[in-house]
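K.L.:
Have a look at this one.
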Amino acid sequence: MIKLYTIGFTEKPAETFFNLLKSSGIKQIVDTRINNVSQLAGFAKGTDLPYFARTIGNISYEHNLDFAPTKELLSRYRAHKLTWEEYETEYLNLLDIRKIAQKTDIEKLHENCLLCSEHQPDRCHRRLLAEYLRHVRNDIRIIHLT
């Protein structure tokens with residue numbers, strides 16, 4: 001059974017965020033954000049997060065842009081030009097276009113954690129990605145850290 005975790009960093013202090021990762025046995029954070037350098041990201045800024053993860057929890061870090069939505073897709077959703085259902089469909093189509101199912105070594109995702117900014121997974125692409133991968137391999141157990 002492959003354990004695939006997800007987490008969002010907003011509405012979490014750094015202590016809570018890193019304790020969730022450490023107590024879950026996460027081996028690697030897989031950053032699925034299109035923009036991981038925003039000043040608003042605080043401790044989860046892409047230039048700092050690899051250091052914090054390694055130092056605090058001996059957790060490695062990878063930024064995977066293939067897992068991120070496009071800037072245009074995200075902008076259209078945030079501007080309310082797409083409903084959540086339309087966004088969901090377009091994002092899943094994007095994963096197919098990028099051949100994520102074929103290019104991803106799912107075995108290596110065991111004890112990895114998909115990261116994005118959304119606090120809860122219900123309207124977040126990290127949940128869609130995790131479910132997409134589970135559709136490819138039904139032995140994936142998805143655990144949302146909140």
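The values are calculated or read from the model by the stated rules, or taken from the named source; none is laboratory data. All figures in this text were calculated on a predicted structure; none of them were measured in a lab. No Cβ is skipped: glycine too gets one built from the backbone with ideal geometry, and neighbour counts run over all protein chains shown.
K.L.:
I'd like the full set of residues that are of a type in the set (D, E, K, R) and surrounded by 15 or more Cβ atoms within 10 Å (Cβ to Cβ), limited to the range 106-130.
P.N.:
Residues of the range 106-130 that are of a type in the set (D, E, K, R), as a first pass: 107-108, 111, 118, 122-123, 126-127.
Within the range 106-130, Glu111, Glu118, Arg126, Arg127 qualify.
K.L.:
Same structure, new question: Can you name the residue in the range 9-64 that is of a type in the set (S, T, N, Q) and free of Cβ contacts under 8 Å to residues at least 12 places away in the same chain and is also surrounded by the most Cβ atoms within 10 Å (Cβ to Cβ) among such residues? Before you say what the answer is, go through the steps one by one.
P.N.:
Kept after step one, since they are of a type in the set (S, T, N, Q), are these residues of the range 9-64: 10, 16, 19, 23-24, 28, 32, 35-36, 38-39, 47, 55, 58, 60, 64.
Checking which are free of Cβ contacts under 8 Å to residues at least 12 places away in the same chain leaves us with 16, 19, 23, 38-39, 47, 55, 58.
Working: Thr16: 13, Asn19: 15, Ser23: 10, Ser38: 12, Gln39: 6, Thr47: 9, Thr55: 10, Asn58: 10.
So, considering only residues that are of a type in the set (S, T, N, Q) and free of Cβ contacts under 8 Å to residues at least 12 places away in the same chain, the one surrounded by the most Cβ atoms within 10 Å (Cβ to Cβ) is Asn19.
K.L.:
Being among the hydrophobic types (A, V, I, L, M, F, W, C), more than 12 Å from Phe67 (Cβ to Cβ) and touching a helix residue (DSSP H, G or I) at 6+ places or on another chain (Cβ under 6 Å) is the filter here; which residues of the range 114-146 pass it?
P.N.:
Val136, Ile140, Ile142, Leu145, listed by residue number.
K.L.:
Just to be sure I understand, how many residues within the range 1-20 are assigned to a helix (DSSP H, G or I) and among the hydroxyl-bearing types (Ser, Thr, Tyr)? Write out each step before concluding.
P.N.:
Here is the first cut: in the range 1-20, the residues assigned to a helix (DSSP H, G or I) are 14-20.
Imposing the further condition that a residue be among the hydroxyl-bearing types (Ser, Thr, Tyr) reduces the set to 16.
Number of matching residues: 1.
K.L.:
From Thr70, Thr89, grab the single residue that is modelled with pLDDT of 95 or more, in contact with a helix residue (DSSP H, G or I) (Cβ under 8 Å, 6 or more places away or on another chain), of a type in the set (S, T, N, Q) and within 23 Å of Glu131 (Cβ to Cβ). Spell out how you get there, then give the answer.
P.N.:
Details: Thr89 fails: in contact with a helix residue (DSSP H, G or I) (Cβ under 8 Å, 6 or more places away or on another chain).
Among Thr70, Thr89, only Thr70 is modelled with pLDDT of 95 or more, in contact with a helix residue (DSSP H, G or I) (Cβ under 8 Å, 6 or more places away or on another chain), of a type in the set (S, T, N, Q) and within 23 Å of Glu131 (Cβ to Cβ).
K.L.:
Is one or more of the residues making up the range 90-103 under 22 Å from Asp139 (Cα atoms), buried (at least 17 other Cβ atoms within 10 Å of the Cβ), among the aliphatic types (A, V, I, L, M) and free of Cβ contacts under 8 Å to residues at least 40 places away in the same chain?
P.N.:
There is at least one residue in the range 90-103 that is under 22 Å from Asp139 (Cα atoms), buried (at least 17 other Cβ atoms within 10 Å of the Cβ), among the aliphatic types (A, V, I, L, M) and free of Cβ contacts under 8 Å to residues at least 40 places away in the same chain.
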